[in-house]
Amino acid sequence: MPFDADDERRRIPGKDDVELYIRTYATLLRSSGETRLQVLEQSHIGMDSSLHPRAGSPEPDTGALIYALRRLPTSITAVRRVLLGQSAEVFARTLRVDVEQWTMQSSPGRRRRYYYDGKETLAVYIASFSDVHDLIPQLVAFQIEWNKLHTALAAEDLSRLDGIDDQLALAARLGISEPDWMRLLEIWGEGLVDHLERIKAEEKNFTVRMLGGTEVGYVKATRRWWQPIQAVLEQEAIGDRPVYFVSSNTHSFVNLLSGAARRHQQEIIEFIEETNNLELLPELRKLRQGQTRGNWDNFLYYAARVFYSQHPDALRLREARSAEEAARGIHYVPSQAGLDLAAQVIVLDRLDASSLDPRLGTPDAGRLRQSPAVVININYPLGLAAYNVLRQVAESVETLRGVYVLGKAATLNGSIGDVMIANVIYDEHSENTYWLDNCFSFSDVAPFLVYGSALDNQRGVTVKGTFLQNRGYLDFYHRESFTVVEMEAGPYLNAAYEMVQSSRYPVRENINFMKLPFDYGILHYASDTPYTQARTLGARGLSYYGMDSSYASSVAILRRILGQENVLQQGAPPDWTQATATQGA
């Protein structure tokens, strides 16, 4: 590319532009009325988000559109008005409407509750201001890209789209690549042409209003989320037992501990073959012929998800599986509040040692039956909600033996599927830098990875939102050797600080977490590479191959918990010591 003096002199947007955007929508949302998102478009464009690099171009940025669509409900194409609130009570008190009588909707890329009134209003439950940081840029990006397509479709006759060839010809005229068009088709399915007709018919001009949004409201929402979990602890008479808290997902632990998928292996495989599953059949053949390095159990767990969701008798099968799991001490707790976070209560002394995944080793069945500990495993929250969640857990249990965080992150130096193990975390919310003795290292994860790599001694930065980074912003962190970009570690560490100190967590401090009075570990698997506009798991969702890093990390966490309990049952002290965090300038 030839040297361009004007480009050289042009200022590269950086963190200041991101902060300007944040301040703009944060102040606008203080209004007691509705705000048009159109007023945010210029600051959104000026931010030059890595996820939306062509925001200011007349050409469509389909990557940004797809990213937003995967995190918004299907009704978003009909919505004109978006209302943000912390609970049904907030909506009822402010608007005198019961939003939970509306149609509840979800999205594949975010655990968040949406309620659609069937006309043009969408109510959204927010668990912390991180949901605002997440949702507002998604809506603005969606609106910008919608209106580009609205202009481009003006001269098109959509009634003549008879098949995929006509659609791909239209995509070429719109400047949309074939892979991106196929992703849009995957998202919208048979309704794709209807959505295009709607885009052609009118411009999008969202209005948004925040109802409540107080810190007390977030705490109340978290308390309501915790109540069903507390009820299970009381019902099972285990409320006074020591707890290991895990923030991860609710599919990997139950598969690794219950043995259900392996017990029903024949039924699952027969279903995959009978339904001619195009995603899994090729991998099944390779596994049988020894032509792949893939793990058989990982394949089986993914196939089980298909089996239990798509089988004609799926409801009965899921109920039977839940009964099997409960008999082995694994209790599923669906989310019943504003935080859309399901949980599991796992009673270690009720597990069947013979049902455990072989990668967990061979824990002594007698010692396992003597363990008093309980694992509370939750779907990881978004951003600042993590602080409230861990605070609530710490306030509610007698003894916390361990805290383990497993989440997705963007990587600035690795590849999709790598597992990154950080021992330094900078939190953008508090501006604290935490130095920690992460209980996990390369050797804990690498033996269980097939496709990715384990990278320990990394540095992570907890950011405010996925859209809220640009090239200058990321380059700044990369130069300072921060290569893991995620959203939960900082808030969790801020909560952990308050568990060992007599004061609220500080701001702009260096905090030594090298020794804590409980076990602490953080793992992240790479789902996005921001320098490639997140056209990876962030744009497509988690596939079978994406399970490799998730399960390797889950195996590491469970081996750690079982190992700690084994040591304790032998009467020896665990390898974490009674100490507290220290801080300095």
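A few comments on the model shown:
- Residue-level check: of (1) within 28 Å of residue 338 (Cβ to Cβ); (2) modelled with pLDDT under 95; (3) not aliphatic (A, V, I, L, M), residue 296 misses just (1).
- Enumeration of residues in region 112-123 that are crowded, with 18+ Cβ neighbours inside 10 Å and either under 17 Å from the mean Cα position of the chain (by Cα) or of a type in the set (Gly, Ala, Ser) (or both): 112, 113, 114, 123
- The residues in region 264-300 that are in a helix (DSSP H, G or I) and out of contact with any Asp or Glu (no Cβ under 9 Å at 6 or more places or on another chain) can be counted, and the count is 19.
- If you go through region 10-31 and keep only what is among the hydroxyl-bearing types (Ser, Thr, Tyr) and either farther than 19 Å from residue 132 by Cβ or without any contact (Cβ under 8 Å) to a residue 40 or more places away in the chain (or both), you end up with 24, 27.
- All positions within region 476-500 that are in contact with a Leu (Cβ under 9 Å, 6 or more places away or on another chain) and among the aromatic types (Phe, Trp, Tyr): 477, 482, 492
For (1) at pLDDT below 95; (2) of a type outside the set (S, T, N, Q); (3) outside any helix (DSSP H, G or I); (4) surrounded by fewer than 24 Cβ atoms within 10 Å (Cβ to Cβ), each residue gets a yes or a no:
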site	(1), (2), (3), (4)
481	yes, no, yes, yes
492	no, yes, no, no
502	yes, no, yes, yes
515	yes, yes, yes, yes
523	no, yes, yes, no
545	yes, yes, yes, yes
548	yes, yes, no, yes
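- Test: residue 239 is of a type outside the set (D, E, K, R), modelled with pLDDT under 90 and not in a helix (DSSP H, G or I): no
- Residue that is within 24 Å of residue 449 (Cα to Cα), modelled with pLDDT of 90 or more, surrounded by 13 or more Cβ atoms within 10 Å (Cβ to Cβ) and of a type in the set (D, E, K, R), where the choices are 262, 285: 262
- Selection from region 25-36 of residues that are surrounded by 17 or more Cβ atoms within 10 Å (Cβ to Cβ) and part of a helix (DSSP H, G or I): 25
- All of (1) buried (at least 18 other Cβ atoms within 10 Å of the Cβ); (2) more than 30 Å from residue 87 (Cα to Cα); (3) modelled with pLDDT under 95 hold for residue 338 with one exception: (2).
- Restricting region 301-325 to residues that are part of a helix (DSSP H, G or I), free of Cβ contacts under 8 Å to residues at least 24 places away in the same chain and not small (Gly, Ala, Ser), the residue that is farthest from residue 274 (Cα to Cα) is 319.
- Test: residue in region 211-219 that is in contact with a Ser or Thr (Cβ under 6 Å, 6 or more places away or on another chain) and not hydrophobic (A, V, I, L, M, F, W, C): yes
- Boolean, residue 237 is surrounded by 16 or more Cβ atoms within 10 Å (Cβ to Cβ) and free of Cβ contacts under 8 Å to residues at least 24 places away in the same chain: no
- Sole residue being outside the structural domain of residue 129 (by TED's automatic domain parsing), closer than 26 Å to residue 43 by Cβ and buried (at least 24 other Cβ atoms within 10 Å of the Cβ), chosen from 473, 477: 473
- Count of region 349-375 residues which are among the β-branched types (Val, Ile, Thr) and either free of Cβ contacts under 8 Å to residues at least 12 places away in the same chain or in a helix (DSSP H, G or I) (or both): 1
- Residues considered: 170, 158. Of these, the only one that is surrounded by 19 or more Cβ atoms within 10 Å (Cβ to Cβ) and either in contact with a helix residue (DSSP H, G or I) (Cβ under 8 Å, 6 or more places away or on another chain) or farther than 30 Å from residue 112 by Cβ (or both) is 170.
- The number of residues in region 380-430 that are out of contact with any helix residue (DSSP H, G or I) (no Cβ under 7 Å at 6 or more places or on another chain), buried (at least 19 other Cβ atoms within 10 Å of the Cβ) and hydroxyl-bearing (Ser, Thr, Tyr) comes to 3.
- Options 90, 39, 79: the member that is buried (at least 19 other Cβ atoms within 10 Å of the Cβ), of a type in the set (Val, Ile, Thr) and at pLDDT 95 or above: 79
- Residue identified as within 30 Å of residue 90 (Cα to Cα), in a strand (DSSP E or B) and among the β-branched types (Val, Ile, Thr) among 378, 346, 421, 425: 378
The values are calculated or read from the model by the stated rules, or taken from the named source; none is laboratory data. Being a predicted model, the structure only gives us computed values, none of them experimental. Every residue, glycine among them, receives a Cβ derived from its backbone with ideal geometry; neighbour counts consider all protein chains shown.
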